[in-house]
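Inspection log for the structure reproduced underneath, given as structure tokens.
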Amino acid sequence: MFGAKDQKKEGPVNLDVVETIIGANSEVTGDVSSAGSVRIDGKLLGTVQAKGNVIVGEKGLLEGNAFANNVVVAGKIKGNIKANQKVEINASGSLEGDMSAKTIVIEDGALFSGNCKMESEEQPLLKNGKK
């Protein structure tokens, strides 16, 4: 009742709003930066930085690091993940690298090889410390 509007409730990651999509038949080499969310259904060779979410679809491949608010892995990531809120590796997903987030979810059947660190405070998202 008191201060209820100031409290944030943890829930599922909103996958409905995506501003940047790397399609299933696309391959991008280089870094991608977005003020919104990024979905990878093709192949990205480089770093992805998003103020929103990074979603790697079931047939998607990211060979590089991901910096975002939330990261959902249904495909494959070969690199490290830094998320302010949540990293979710779905049953079809695979992560070869380290991850850091407040909340970490690994479904049955998911593959994970690396280290994980659960952060209690919000850390800078991007490599250069900017949000």
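The numbers here are math on the coordinates, done by the rules we state, and not lab data. The structure presented is a predicted model; accordingly, all values stated were derived computationally and were not measured. Don't worry about glycine lacking a Cβ; one is built from the backbone with ideal geometry, like all the others, and counts go over all protein chains shown.
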Using the Cα gyration tensor of region 17-108, the equivalent ellipsoid's semi-axes, largest first and to the nearest Å, work out to 17, 14, 12
What is the Cα centroid distance between region 19-70 and region 86-121, reported in whole angstrom? 17 Å
For each pair in 59/102; 51/78; 59/82, compute the distance between the two Cα atoms and list the pairs where it is over 24 Å. 59/102
Fewest-first ordering of 18, 71 by Cβ atoms within 10 Å yields 18, 71
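Using Cα-Cα distances under 8 Å and only pairs 6 or more residues apart, what relative contact order does region 17-108 have, in percent?
18 percent
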Assertion target for 77, 104, ordered by fewest C-beta neighbours within 10 angstrom first, is 104, 77
Residue 45 to residue 103: FRET efficiency via 1/(1 + (r/R0)^6), r the Cβ-Cβ distance, R0 30 Å, to the nearest 0.05? 0.60
